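The values are calculated or read from the model by the stated rules, or taken from the named source; none is laboratory data. Quick caveat, the model's predicted, so the values are computed rather than measured. With ideal geometry, Cβ positions are generated from the backbone for all residues, glycine too; neighbour counts draw on all protein chains shown. Side chains are part of the model used for accessible areas, which takes the heavy atoms of the whole protein and leaves out ligands, DNA and RNA. Shrake-Rupley method; radii C 1.70, N 1.55, O 1.52, S 1.80 Å.
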Amino acid sequence: MNRDIFLVGNWKMYITSQKEAESLAAGVVRGVEAVKPSKNIHTVLCPPHPHLKPVQKELKRDIVLGAQNVWHEDRGAFTGEVSAKMLKDVLCEYVIVGHSERRKYFGEDEELVNKKVKAVLQHNMRPIIAIGEKERDGRVRDVITRQLNGALDGVSAKEVKKVLIAYEPVWAIGTGQAAQPDDVMSVRILIRKLLGKLYSEKTAQSVPVLYGGSTDSKNINNFVFGAEMDGALVGGASAKADEFVKMVENISNKQVNK
Ligand code: PGA
């Protein structure tokens, strides 16, 4: 049986109107339906909050909805925030938590990321926890250890089975300078080792570990098959239907021909 592979489109704030969001979603749906990827290849679209519902209406079959951010409280005086309960209500299945842009511009720290992870799990959705070092020569091991342990503090072995980890070196995001697959592979091994320490070897193997940072249709297979990552969190390339579909197609073709 083929392992599960996740291609998650993080539209960020690249999409700025409902019309644009609907047409991008429709384009991805059409393209992915034509590719007919096997069941183990999962496509997730994460539009901006106001476009969740319109995009959800366009989705078909195995393409599902995710959100880019969440607030951890269920209700109350939190002006401008959106709860996990509200996301679940519009049929989100995944939520990106702790993206480096959230950490950078909104000051999200490990403690807040941890609360958000728990809120997402509590509402029966899957958190995609983004972690990664800022500088190219940064202390990868230290950063990954701190961010991973912090995000999963108090998350049970049963709950962690719903978690996905996205390793995103910040310097590789949106720069056109993807990381080297060999380096990404060693971080995947580190993440699984840390998960093994927190839980068990078996549980660690069941948590998907994705890569993110300047992925596109040309390099995606270096990460999915070279570095053996369980997919990618895609920014820029996910805002273009053809390019994103091509990524799904390339993974699908490679899997068949392997
Ligand atoms: P990028 O973004 O693919 O544009 O580098 C990835 C991300 O921020 O998740």
- Work out from phi, with θ = phi - 60° and the Karplus expression 6.51 cos²θ - 1.76 cosθ + 1.60, the ³J(HN,Hα) of each residue of the range 118-127, listed in order in whole Hz, and give x for Gly and Pro. 5, 5, 4, 5, 4, 9, 6, 10, 9, x
- Rounded to 0.05, the calculated FRET efficiency for the beta carbons of residue 243 and residue 197 at R₀ = 41 Å is 0.60
- Of 200, 238, 83, which has the largest mean-square fluctuation in a 10 Å C-alpha GNM of the chain? 200
- Item | FRET efficiency, residue 134 to residue 30 (Cβ-Cβ, R0 45 Å, nearest 0.05) | 0.75
- Mind giving me the nanometre distance, one decimal, between the label points for residue 141 and residue 111, set 7 Å out from Cα along Cα→Cβ? 2.8
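Can you give the FRET efficiency to the nearest 0.05 for residue 20 and residue 75, using r as the Cβ-Cβ distance and R₀ = 41 Å?
0.85
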- Message: Under 5 Å between amide hydrogens, which residues at least 5 positions from residue 231 or on another chain qualify, with H placed 1.01 Å from N in the peptide plane?
- Response: 6, 211
- Please build a GNM for the chain, connecting alpha carbons under 10 Å apart, and tell me which residue among 227, 204, 157 fluctuates the most. 157
- Whole-number percent relative contact order across the chain, with pairs defined as alpha carbons under 8 Å at least 6 apart: 21
- Task: Determine the equivalent ellipsoid of the range 43-151 by diagonalising the alpha-carbon gyration tensor, then write out the semi-axes as square roots of 5 times the eigenvalues, largest first, rounded to whole Å.
- Result: 25, 16, 12
- GNM of the chain, Cα pairs under 10 angstrom: of 231, 80, 154, the biggest fluctuation goes to 80
- Along the charge dipole of the range 9-51, which of 50, 26, 16 sits closest to the positive end, that is, farthest toward it, with unit charges on the beta carbon of Lys, Arg, Asp and Glu (+1, +1, -1, -1)? 26
- Item | Debye-sum result for the range 111-248 in log10 I(q)/I(0), which assumes one identical scatterer on each alpha carbon, at q = 0.09, 0.10, 0.13, 0.17 Å⁻¹ | -0.25, -0.32, -0.54, -0.91
- Query: Expressed as a whole percent, how much of the Cα-Cα distance distribution for the chain exceeds 26 Å?
  - Reply: 35
- For residue 126, distant residues with modelled amide H under 5 Å away: 94, 95
- Item | Kirkwood hydrodynamic radius over Cα pairs of the range 1-75, then Stokes diffusion coefficient at 25 °C and 0.890 mPa s, in µm²/s | 187
- Query: What percent antiparallel are the DSSP beta bridges of the chain, to the nearest 5?
  - Reply: 0
- Task: Report the dimensions of the range 171-258 along its three principal axes from the alpha-carbon atoms, largest first, rounded to Å.
- Result: 40, 33, 20
- Treating the beta-carbon of each Lys and Arg as +1 and of each Asp and Glu as -1, no other charges, what is the dipole magnitude of the chain about its Cα centre, to the nearest 20 debye? 560
- Item | C-alpha center-to-center spacing [the range 45-83, the range 222-252] in angstrom | 22
- Message: With every protein chain left in place and a probe of 1.4 Å, what is the accessible surface of residue 41, to the nearest 10 Å²?
- Response: 10
- What is the spread of the Cα atoms of the range 1-44 along each of their three principal axes, largest first, in whole Å? 40, 21, 9
- Query: So what's the gap between the Cα centers of the range 26-41 and the range 180-219, to the nearest angstrom?
  - Reply: 25
- Can you list the HN-Hα couplings for the range 228-243, worked out from phi with the Karplus curve (6.51, -1.76, 1.60; θ = phi - 60°), rounded to whole Hz and with x for Gly and Pro? 6, 7, 8, x, 8, 9, 10, x, x, 5, 7, 8, 10, 4, 4, 5
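Which value in Å does the Kirkwood hydrodynamic radius of the range 111-161 take, with 1/r averaged over all unlike C-alpha pairs and then inverted?
11.7
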